[in-house]
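Structure first, then comments.
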Amino acid sequence: MCDWCMKHGAGGKWYMNAKNYSNELAEAINAREYLQEQWKAFEMVYIRRIMGITSIDLGYKLQLPIIGRLLRWSAERMIHSEGKHRNPVRADGHFGQVIPLEEAKIILGNLAAEPIIENYCMCRWMQRGIKEACCINFGLLSGVIEKLPRFIPKDTKYRLDRDEAIAHIEEHNKKGYVATVWFQPVPYINAICSCENPECGGLRLRNDFGLHTVYKGEYVAEVDPDRCQACGMCVTKCQFGVLRLVQSLKRVIVDINKCFGCGVCRHACKYDAIRLVPRENYPALRGVY
Ligand code: SF4
Ligand code: SF4
Ligand code: SF4
C-alpha cells in the first residue's frame with residue numbers, strides 16, 4: 001500500500017474507499033470551485049506547460065543535483081498538496097495511480113458517483129490533434145465538464161450507465177490503453193482515464209522527469225515460463241518497455257522495477273501466460289511506487 005492508502009484508504013487501497021467518491025466529501029472540500037478553475041484552463045495549464053518542458057529547459061534543470069532536487073521537491077509538494085488553499089491552475093492535489101482493468105470495473109460498477117460521462121481526452125488532442133473520447137469522469141466533475149462543450153463528444157452518447165462505462169473501459173484496455181484513477185483534488189476521486197505514454201501529461205512527467213504525478217499500480221506482471229511460447233506479442237503491447245523476449249530462453253522476461261502493473265500485456269497473450277501479482281510480493285518493490 002502506498003502513502004495515499006495509509007492516509008485515505010480506510011485500511012485498504014485509497015481508490016477502493018467509497019468515502020473518497022462521495023458528494024459529501026466533494027462539498028466539504030469545495031471541490032466544485034477547484035474543478036471549475038482547473039478544467040476551464042485545462043489545455044493552457046496542463047498540456048502546454050507540461051508538454052512545454054523539454055530536456056533543454058526545466059527538464060535539464062531537473063537533472064541538476066541541487067537545483068533539480070529543489071525543483072522536484074517543490075513540484076511534488078504541489079501535486080501531493082492536501083492544503084485548503086490549493087491552486088487548481090498549478091495542479092495542486094491532482095494525482096493519479098495506474099490500476100488494472102479488474103479494479104477499474106469495480107470502481108465504475110460500484111463506487112463512482114453518478115452521473116458518469118465519457119469525454120474527449122485533451123492530452124491526445126493537444127499532442128496528436130485527434131479527439132478520442134476515452135476519459136471517464138463522474139460525480140461532480142461530470143457536471144463541470146458538461147458545461148465545457150469542447151470536451152463533449154459530438155453525435156455520440158456521452159452519458160453512460162454503469163454497464164456502458166464498464167464496457168468502454170474494457171474496450172480501451174484491450175486496445176492497450178493504461179487505466180488510471182485520479183484525485184482532483186486529494187482525496188476526492190472523480191475520473192478513470194485510459195492513457196497512452198507519452199501523450200498523457202501525468203505519465204510523461206513521471207517517465208521523462210521522474211516526478212510522482214502518477215504512482216505505479218499495486219501489482220507487477222509475472223510470466224509463467226511453462227506457458228510462454230515466446231511469440232513476443234506482449235512485448236509490443238507494453239508502453240513502458242518492461243518486457244524482453246529472450247530467444248535463448250524461449251520466453252519473455254519482466255523487468256519488475258519498470259513494471260507499472262497496468263496488466264494490458266495480458267490481452268496480447270493467447271496462452272494465458274501473464275498474470276498480475278501484488279508488488280508487495282517482491283521485497284525490493286515494497287513501498288516503491
Ligand atoms: S489523463 Fe489520460 S485519458 Fe485523461 S486526458 Fe490525459 S491521457 Fe487522456
Ligand atoms: S504473449 Fe504470452 S506467449 Fe507470447 S511472449 Fe508474451 S507471455 Fe509469452
Ligand atoms: S509489463 Fe507491466 S507495465 Fe508492461 S503492460 Fe504488462 S503490466 Fe503493464
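Bear in mind that the values in this text are calculations on the coordinates, not laboratory data. Only a predicted model underlies this, so the values are computations on that prediction, with no experimental measurement involved. Note that we place each Cβ from the backbone using ideal geometry, even for glycine, and neighbour counts take in every protein chain shown.
Taking the helices alone, the chain has a mean residue ellipticity at 222 nm of -9000 deg cm²/dmol, built from -39,500 (n - 2.57) per DSSP H run of at least 4 residues and averaged over all its residues. In this structure, the pairs whose alpha-carbon distance is over 20 Å, taken from K175/K237; K237/K270; K61/K84; K154/K174; K105/K147; K131/K157, are K61/K84; K154/K174; K105/K147. Across segment 115-122, computed HN-Hα scalar couplings (Karplus, 6.51 cos²θ - 1.76 cosθ + 1.60, θ = phi - 60°) run x, 9, 10, 10, 10, 5, 7, 6 Hz from first to last residue, x flagging Gly and Pro. Note that segment 219-285 carries a Kirkwood radius of 11.8 Å, evaluated over its alpha carbons pair by pair. Take every pair of alpha-carbon atoms less than 8 Å apart whose residues are at least six positions apart; their mean separation over the length of the chain yields a relative contact order of 19 percent. The residue among I29, G217, Y15 whose Cα reaches farthest toward the positive pole of the charge dipole of the chain, with charges on the beta-carbon of Lys, Arg, Asp and Glu, is G217.
Its relative contact order, with pairs defined as Cα atoms under 8 Å and 6+ residues apart, puts segment 155-289 at 22 percent.
For a modelled paramagnetic label at Q63, 7 Å from Cα along Cα-to-Cβ, the residues of segment 185-218 in reach, with backbone nitrogen under 13 Å, are 208-210. What the Kirkwood sum gives for the chain is a hydrodynamic radius of 19.6 Å, with every pair of different alpha carbons counted.
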